[in-house]
Amino acid sequence: MNGLNESVVSEFMLLGLASSWETKVFLMLIFSLIYLGIILGNLFIFFLVIFYSHLHSPMYFLLANLSLIDVGLSSTTVPKMITDLLNEYKIISFQSCMTQICFIHIMGGVEMVLLIAMAFDRYTAICKPLRYLNIMNPKICVSFVIAGWVIGVIHAMSQFAFIINLPFCGPNKVDSFYCDFPRIIKLACTDGAKFEFIIAANSGFMSMGTFFLLILSYIFILVTVWKRSSGDLSKAFVTLSAHITVVVLFFTPCMFLYVWPFPTSSIDKYLFIVDFAITPVLNPAIYTLWNKDIKISIKRLSKWGHYVKFC
């Protein structure tokens with residue numbers, strides 16, 4: 001932590017998303033509603049999985065954990081982005097900036113592992129249905145979640161260890177609404193080329209590698225179903241469509257920013273709105289609208305609520 005003490009810069013100024021007052025008010029209202037949807041939607045899925053026994057299966061266990069991670073990932077950036085929209089000077093302390101970076105990459109790493117686990121779950125359910133419960137047993141499911149947190153922490157700290165010791169002596173303006181490695185490295189008073197390579201090798205490789213692994217797994221599942229069902233892929237497409245949608249939305253901004261660093265324009269900050277706001281609010285809707293078991297649970301819950309109302 002010596003780098004923290006030696007840094008001249010004690011705070012960073014975030015440039016944010018908009019300049020005009022009308023646009024700021026509009027975005028504040030929109031993102032406030034989106035964040036409310038993220039909290040309510042994901043916690044609804046989480047508690048629905050806990051309280052309904054027919055949802056006590058590997059797929060829904062992983063989905064409940066994904067919902068919690070979506071809440072956590074959004075909460076690292078969206079609340080401050082909302083409050084900053086009404087502030088002329090969007091200041092974040094050096095310590096808060098580093099903390100935000102760590103949490104973003106820890107939870108981003110966990111989400112990547114959970115998406116891999118969910119793809120493996122679908123592969124097992126579709127390609128090995130008779131062995132599904134033996135393979136996706138509770139121990140394996142818990143191991144996926146623990147592995148996600150371990151990998152997330154290692155992923156974040158392996159980059160943070162280099163960045164925390166960089167000298168920051170000015171400037172301190174970050175052209176974004178949040179802190180992240182690429183833009184912070186640009187502000188360091190040193191040649192950041194080797195650090196850019198470290199970030200690209202770590203975050204870039206992890207993002208692209210996970211994305212292609214997931215896409216290959218979906219292709220393998222579809223090929224397997226096609227061979228077994230004489231070309232009828234409709235059921236497999238319905239089952240996998242939610243996962244594919246989430247994967248494409250989540251990984252597109254990650255690959256854009258980390259695979260070929262570093263940002264020379266402001267487009268990446270708008271792309272990452274998808275990761276921090278759009279994907280987390282869409283996940284509950286996607287899995288609710290396209291999942292029969294979740295729909296059944298919601299109907300039961302609504303009937304119970306109707307019964308309580310008239311008792």
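The values are calculated or read from the model by the stated rules, or taken from the named source; none is laboratory data. Bear in mind the structure is a predicted one, so any value in this text is a computation, not a measurement. Backbone-built Cβ (ideal geometry, glycine too); neighbour counts: all protein chains shown. Please note that ligands, DNA and RNA were not included when accessible areas were found on the heavy atoms of the full protein model with its side chains. Shrake-Rupley method; radii C 1.70, N 1.55, O 1.52, S 1.80 Å.
General remarks:
- Helices (runs of 4 or more DSSP H) within segment 1-91 that include 1 or more residues under 25 Å from the mean Cα position of the chain (by Cα): 21-51, 58-75, 78-84
- Selection status of HIS155, buried (at least 22 other Cβ atoms within 10 Å of the Cβ), of a type outside the set (A, V, I, L, M, F, W, C) and either in contact (Cβ under 8 Å) with a residue 12 or more places away in the chain or in contact with a helix residue (DSSP H, G or I) (Cβ under 7 Å, 6 or more places away or on another chain) (or both): no
- Subset of segment 178-210 [closer than 18 Å to MET107 by Cβ, open to solvent by 10 Å² or more (accessible area, probe 1.4 Å) and in contact (Cβ under 8 Å) with a residue 60 or more places away in the chain]: MET206, THR210
- When LYS309, LYS299 are checked against the criterion of being among the charged types (D, E, K, R), modelled with pLDDT under 70 and farther than 19 Å from ILE30 by Cβ, LYS309 stands alone in meeting it.
- Residues located in segment 157-174, provided they are of a type outside the set (A, V, I, L, M) and at pLDDT 85 or above: SER158, GLN159, PHE160, PRO167, PHE168, ASN172, LYS173
- Entry remark, segment 57-92: residues being at pLDDT 90 or above, open to solvent by 40 Å² or more (accessible area, probe 1.4 Å) and within 15 Å of LEU15 (Cα to Cα) number 3 in total.
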